[in-house]
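Report on the structure given below.
We did not get these values from a lab; they are worked out from the coordinates using the rules stated. Just so it is clear, the structure is predicted and the values come from calculations on it, not from any experiment. Every residue, glycine as well, gets a Cβ built from its backbone with ideal geometry; the counts of neighbours run over all protein chains shown.
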Amino acid sequence: MNISQSLQNTKMRTLDYYELSDDLLDMRYGPEKWSVRFILHHLADAETVLFDRIRRLLSEPRQVLWAFDQDAWARGLDYATRPMFLSRRIYDAVRDGVIHYAELHYERSAALEFVHSETGVRTLKDEFDKVAKHNEHHLRQIAAALGNENSDINR
């Protein structure tokens, strides 16, 4: 599966979860872990951060881009009360942008570099791959929270 297909696949699988009932959105995959609701809000916000990095790298390569504190975002952006429809729309639109640029630049501009404030030198290809892997990681957490680690959705 190429990167565009992978990004489209995880997008479609993720979007369904934004429609879950409040009871299911409040489920957790472990004690003291984020709920499905928080994971989905995080995916929307992380997608915006990763898309920003991709656009910066395409426009202004080789700069230092800062990590973000996901727990601070969850608190500061009030994941407990933020409407799910808002995060769904953000995730959907931003993922479309990521897919667009992946189709244009995944191979052609793969070697463009930036410096991540915590992990050092990374490439555009690394960042596109991170978007896909990050989403897959959270899909597994959601499946575990819903009690079905072998399937994405369990309503």
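Can you pull out the trypsin sites (Lys or Arg not before Pro) in region 79-142 whose DSSP state is coil and whose Cβ has at most 16 other Cβ atoms within 10 Å?
108
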Checklist outcome for this item: So the angle from the long Cα axis of helix 124-145 to the longest Cα principal axis of the chain, reported in degrees to the nearest 10, equals 10 degrees
Item to check | Euclidean distance of C-alpha centroids, region 87-130 and region 1-48, integer Å | outcome: 19 Å
Next on the checklist: At most 10 other C-beta atoms within 10 Å and a DSSP loop state: those are the exposed GluC sites (Glu not before Pro) I care about. Give me the longest piece of the chain that has none.
Outcome noted: 33-117
Checklist entry - Relative contact order, percent, of region 3-145 when contacts are C-alpha pairs under 8 Å separated by at least 6 residues? => result 37 percent
Next on the checklist: No solvent, one uniform scatterer per C-alpha: report log10 I(q)/I(0) for the chain via the Debye equation at q = 0.09 1/Å, two decimals.
Outcome noted: -0.29
Checklist outcome for this item: If one compares the long axis through the Cα atoms of helix 84-105 with the longest principal axis of the Cα atoms of the chain, the angle in degrees, nearest 10, works out at 30 degrees
Item to check | Nearby lysines by direct alpha-carbon distance to residue 11 (threshold 19 angstrom, same-chain neighbours under 8 apart not counted) | outcome: 125, 130, 133
Next on the checklist: Using helices alone, I'd like the mean residue ellipticity at 222 nm for the chain: each DSSP H run of four-plus residues gives -39500 (n - 2.57), total over residue count, nearest 500.
Outcome noted: -20000 deg cm²/dmol
Checklist entry - Nearest 10 degrees, 0 to 90: what angle lies between the long axis of helix 36-59 and the longest principal axis of the chain (Cα atoms)? => result 10 degrees
